[in-house]
Amino acid sequence: MNRTLLGMLTPSSNTVLEPYTAALLQGLFPRVTAHFQRFTVKETSLSGPDQAFDPTPQLEAARLLNDARMDVIAWSGTSASWLGFETDRQLCAAIAEMTGVPATSSVLALNEILTRTGVTRLGLVTPYLDEIQGAIVANYAAEGIEVVAERHLNDRGNFSFSEYDEATLAGLVREVAQCHPQAITLLCTNMRGAAIVPALEQELGIPIYDSVSVAVWKSLQLAGEDTTCIQGWGGLFQDPRLGP
């Protein structure tokens, strides 16, 4: 069988990205499958033990994934949004050099989407602490993208991020939408955002980019797969501006 194998680097306390990634790819099963390797992440702050996101365990996780001959390896996490986008560029370059396969991340995928669709006014929804949210807003401002509205849950997490229900997240998205951003991002791969995107896009008329979904989108593209085969998960996969 000609298979496409997508490797996803996963924070250890994350319980959302694995089932949601599998659900996104369900229509392509068994030809396209996702495979996961965890490394330790127990909280999200600028001062806690995981604040630096040391690339060493991420690279070890990528090495283990590549034992199963991945076609693409993605860091399905959002740490670069506050640590700086260069951290993911360096990590993905190191993964590609070590494994010989293309590498991407949720944040790099999102940034590509924003560039290709011309977004300069962004709405931001996260579960993160005040200090994390402030760093994210500043990093996007440095790239010429203004966060015109934001909501965050001021939670240290990381496991707790998965316990916010879809109604709570949808309410935050609706609040952000009142400022008429060009796009809204649900920025965290441990939030239950992917499934609420289609209905909210139809209701609000604004593109919404979930972090799990964008990692899947870019991984499929790097593997040479047609992303329009993903149906029912929002405009990201059907937008002609975001084709190969």
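The figures follow:
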| quantity | calculated |
| --- | --- |
| Residues of the stretch 111-127 classified as part of a helix (DSSP H, G or I) and either within 17 Å of Leu169 (Cα to Cα) or in contact (Cβ under 8 Å) with a residue 40 or more places away in the chain (or both), total | 4 |
| Count - residues of the stretch 148-158 that are part of a loop (DSSP other than H, G, I, E, B) and at pLDDT 95 or above | 3 |
| Test: residue in the stretch 80-95 that is of a type in the set (Asp, Glu) and in a loop (DSSP other than H, G, I, E, B) | no |
| Any hit, the stretch 128-147, residues being part of a strand (DSSP E or B) and either free of Cβ contacts under 8 Å to residues at least 60 places away in the same chain or under 27 Å from Lys42 (Cβ atoms) (or both) | yes |
| Residue within the stretch 159-181 that is of a type in the set (A, V, I, L, M, F, W, C) and assigned to a loop (DSSP other than H, G, I, E, B) present | yes |
| Members of the stretch 168-184 found to be within 20 Å of Thr44 (Cβ to Cβ) and either surrounded by fewer than 20 Cβ atoms within 10 Å (Cβ to Cβ) or charged (D, E, K, R) (or both), listed by number | Thr168 |
| Yes/no for Thr78 being surrounded by 24 or more Cβ atoms within 10 Å (Cβ to Cβ), among the β-branched types (Val, Ile, Thr) and either under 19 Å from Ala223 (Cα atoms) or out of contact with any Gly (no Cβ under 9 Å at 6 or more places or on another chain) (or both) | yes |
| Residue among Asp165, Asp210 that alone is surrounded by 20 or more Cβ atoms within 10 Å (Cβ to Cβ) and of a type in the set (D, E, K, R) | Asp210 |
| Condition check for Leu186: at pLDDT 95 or above, in contact with a helix residue (DSSP H, G or I) (Cβ under 8 Å, 6 or more places away or on another chain) and within 18 Å of Tyr140 (Cβ to Cβ) | yes |
| Test for Val137: is it β-branched (Val, Ile, Thr), modelled with pLDDT of 95 or more, under 17 Å from the mean Cα position of the chain (by Cα) and surrounded by 22 or more Cβ atoms within 10 Å (Cβ to Cβ) | no |
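Listed here are the residues, each with its yes/no results for (1) free of Cβ contacts under 8 Å to residues at least 40 places away in the same chain; (2) among the aromatic types (Phe, Trp, Tyr); (3) touching a Pro at 6+ places or on another chain (Cβ under 9 Å); (4) outside the structural domain of Val125 (by TED's automatic domain parsing).
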{"position": "Thr15", "(1), (2), (3), (4)": "no, no, no, yes"}
{"position": "Arg31", "(1), (2), (3), (4)": "yes, no, no, yes"}
{"position": "Gln37", "(1), (2), (3), (4)": "yes, no, no, yes"}
{"position": "Thr44", "(1), (2), (3), (4)": "no, no, yes, yes"}
{"position": "Ala68", "(1), (2), (3), (4)": "no, no, no, yes"}
{"position": "Ala103", "(1), (2), (3), (4)": "no, no, no, yes"}
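The values are calculated or read from the model by the stated rules, or taken from the named source; none is laboratory data. Computed from a prediction, not measured in an experiment: that's the story for all the values here. Glycine also receives a Cβ, built like all others from the backbone with ideal geometry; neighbour counts cover every protein chain displayed.
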